[in-house]
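See below for the structure under consideration.
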Amino acid sequence: MTEKDLRESAKVAVLLGQLTVLGGVGIAAVNEVRELRKLGIDAELVILYRKKGFNSIRDFDAFDIPVVFLSDLLPPFLRINFKFPFFSFFSFFHISSIFWAPFLIKKRNYEVILVHETYNCFSAIAAAKVGKVKVVSYIWDPVSYIIPRIYGNKLPKFLLPFLKSFSIFIDKQIFKRSDVILLGSNLHKKTFETFDKEKPLVILPAGTEILKNPPKVRGRIIISLTKWDKGKNPEFILKVAKELRGDFQLLVAGNWSDQRQQTEFKKEIKRMELEKKVKVIGKVTEEKKIKLFSQARVLVHPIVEAFGMFALEVAGCGCPFILPKGSGVTELFREGKHGYFPDENDTASFAEKINDLLKNEKKAEEMGREAWKQAKKYSWKEHALKLKKTLENFKD
């Protein structure tokens, strides 16, 4: 597919399962559609299932792009959904959409489907069988990584061996049936290379918004922001907070997929006598998020992530970050210059690095400024240009 083909005829669907508050994948998909359209590509954001009670367009500031909710095209009796027991995200629509989504997608005459999130890949692959569609699978975490890491201590033990084997089978099928596999970092590259070393893998980091003039003056605010769910280990940041010295405010922001988990977290704050130091502020808008990132001394994230989009976003606002070694986003930055990358679960190292930045505002400002300079290389425009090049490499 040549550049001329892309400009004149290609219709691209950027496919998600749902849009959820503060989901990094949702942020990526919205910006991909926006920037691809600026490059002359007829891209649309396609959502398999509309989440009840959530204004996806408003909360993602997506008024300027076409958004299609496939579930809205179904008769009411087919709009059935529920989460499967033990899982944070895996839901009935991930299965049912394999059967109805391909026919709805075919009617819109897409030529390329860029599908995010592993669970949605089979709907895209099924659509490729029904119509002549190329499938680009953007894998942030393979199923064989998600199952043991996120659910290893939560699922019945007797199920784990079967689920691990089955998850590898699923990853192989996605790899085999996709025309191109995109990865946000090198973290999972070896997993897919074991399936077929000859098939190309494209490493494409996420992008971010870049502040024109990030503030130099930073408060004593520590921000920890993500979509909190099973496996994110928010309790770890409380252990770290207990080791911090001096005056500070730790803000825990972001939506919680399980309200019971949020309730237990607040109880733990009280038990550890951190009520004056730690505040749970929950869901924030994009505007509020940028404001928090612009005020914070440092962002802290507790677990290794395949990418870690919030670290890139906070760097775009001139703020340094601390997250575990091995996270995909650390491939874009330098330890000690842009942020710190201690070992996962190393409470002492996390606390040491945060204390260092709390007592030295100038150092935090200098690290944040260097992180900002580096983040400018990874704007959403640059992301879209690399994505466009990948699409142009398709052969008819």
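Quick grid of which residues meet (1) over 30 Å from F248 (Cβ atoms); (2) assigned by TED's automatic domain parsing to the domain that holds P324; (3) of a type in the set (G, A, S):
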| site | (1), (2), (3) |
| --- | --- |
| S165 | yes, no, yes |
| I170 | yes, no, no |
| D196 | yes, no, no |
| K212 | no, no, no |
| K230 | no, yes, no |
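For segment 270-320, which residues satisfy the criterion of being without any contact (Cβ under 8 Å) to a residue 60 or more places away in the chain and not in a loop (DSSP other than H, G, I, E, B)? Of everything in segment 270-320, those that are without any contact (Cβ under 8 Å) to a residue 60 or more places away in the chain and not in a loop (DSSP other than H, G, I, E, B) turn out to be K270, R271, V278, K279, V280, I281, G282, E287, K288, K291, A311.
For residues that are over 22 Å from C121 (Cβ atoms) and in a helix (DSSP H, G or I), scanning just segment 138-158, find the one that is farthest from the chain's Cα centre (by Cα). Reasoning before the result, please.
Going through segment 138-158, the residues over 22 Å from C121 (Cβ atoms) turn out to be 152-154, 156-158.
Now drop any that are not in a helix (DSSP H, G or I), which leaves 157-158.
On the way: K157: 28, F158: 30 Å.
It comes out as F158.
Residues that are touching a residue at least 40 places away in the same chain (Cβ under 8 Å) and either basic (K, R) or not assigned by TED's automatic domain parsing to the domain that holds A315 (or both) were ranked within segment 232-243; the one that is surrounded by the fewest Cβ atoms within 10 Å (Cβ to Cβ) is K239.
Of all residues in segment 140-159, those that are at pLDDT below 75 have Cβ atoms under 6 Å from Cβ atoms of residues that are of a type in the set (K, R), 6 or more apart or on another chain, in I150/K230.
Please go through segment 188-210 and give me each residue that is of a type outside the set (D, E) and closer than 24 Å to K381 by Cα, ordered by number.
Here is the first cut: in segment 188-210, the residues of a type outside the set (D, E) are 188-192, 194-195, 197, 199-208, 210.
Within segment 188-210, P200, L201, V202, I203, L204, P205, A206, G207, T208, I210 meet the criteria.
For segment 123-137, filtered to residues that are modelled with pLDDT of 90 or more and outside any helix (DSSP H, G or I), the residue that is farthest from A28 (Cα to Cα) is V133. Is it the case that F93 is touching a residue at least 60 places away in the same chain (Cβ under 8 Å) and either under 15 Å from the mean Cα position of the chain (by Cα) or outside any helix (DSSP H, G or I) (or both)? When the stated conditions are applied, F93 does not pass them.
No other residue among L387, L357, L391 is touching a residue at least 40 places away in the same chain (Cβ under 8 Å), within 19 Å of R297 (Cβ to Cβ) and part of a helix (DSSP H, G or I) apart from L357. In segment 244-257, the residues that are over 23 Å from K359 (Cα atoms) reach residues that are hydroxyl-bearing (S, T, Y) and in a strand (DSSP E or B) with C-beta atoms within less than 9 angstrom, at least six apart or across chains, in these pairs: A253/S224; G254/S224. Here R260 passes the criteria (1) in a helix (DSSP H, G or I); (2) of a type outside the set (S, T, N, Q); (3) over 18 Å from L238 (Cβ atoms) except the one numbered (3). Looking across segment 315-345 at every residue that is within 14 Å of the chain's Cα centre (by Cα) and crowded, with 23+ Cβ neighbours inside 10 Å, the one that is nearest to K377 (Cα to Cα) is identified as V329. Report whether or not G308 is in contact with a Ser or Thr (Cβ under 7 Å, 6 or more places away or on another chain), within 15 Å of P214 (Cβ to Cβ) and of a type outside the set (F, W, Y). Spelling it out, it is not the case that G308 is in contact with a Ser or Thr (Cβ under 7 Å, 6 or more places away or on another chain), within 15 Å of P214 (Cβ to Cβ) and of a type outside the set (F, W, Y).
Would you confirm whether any residue within segment 97-110 is not in a helix (DSSP H, G or I) and not charged (D, E, K, R)? The answer is yes; a qualifying residue exists.
Among the criteria (1) outside any helix (DSSP H, G or I); (2) loosely packed, with under 14 Cβ neighbours inside 10 Å, the one F77 does not fulfil is (1).
Residues that are in a helix (DSSP H, G or I) and of a type in the set (D, E) were ranked within segment 169-202; the one that is surrounded by the fewest Cβ atoms within 10 Å (Cβ to Cβ) is E193.
Considering S137, S167, the condition of being touching a Cys at 6+ places or on another chain (Cβ under 7 Å) and on the phi < 0 side of the Ramachandran plot is satisfied by S137 alone. If I ask for residues that are free of Cβ contacts under 8 Å to residues at least 40 places away in the same chain and either crowded, with 24+ Cβ neighbours inside 10 Å or not in a strand (DSSP E or B) (or both), which ones from segment 19-42 would you list? Hits for segment 19-42 are G26, V30, V33, R37, G40.
Which of the residues that make up segment 15-33 are in contact with a Leu (Cβ under 9 Å, 6 or more places away or on another chain) and not aliphatic (A, V, I, L, M)?
Initial filter on segment 15-33 (in contact with a Leu (Cβ under 9 Å, 6 or more places away or on another chain)): 15-19, 22-23, 25-26, 29-30, 32-33.
Residues satisfying the conditions are G17, Q18, G23, G26, E32.
Of all residues in segment 145-154, none satisfies the criterion of being among the aliphatic types (A, V, I, L, M) and over 20 Å from E117 (Cβ atoms).
The values are calculated or read from the model by the stated rules, or taken from the named source; none is laboratory data. Everything numeric in this text was worked out from a predicted model, so none of it was measured. FYI the Cβ positions are ideal-geometry reconstructions off the backbone, even for glycines, and counts take in every protein chain you see.
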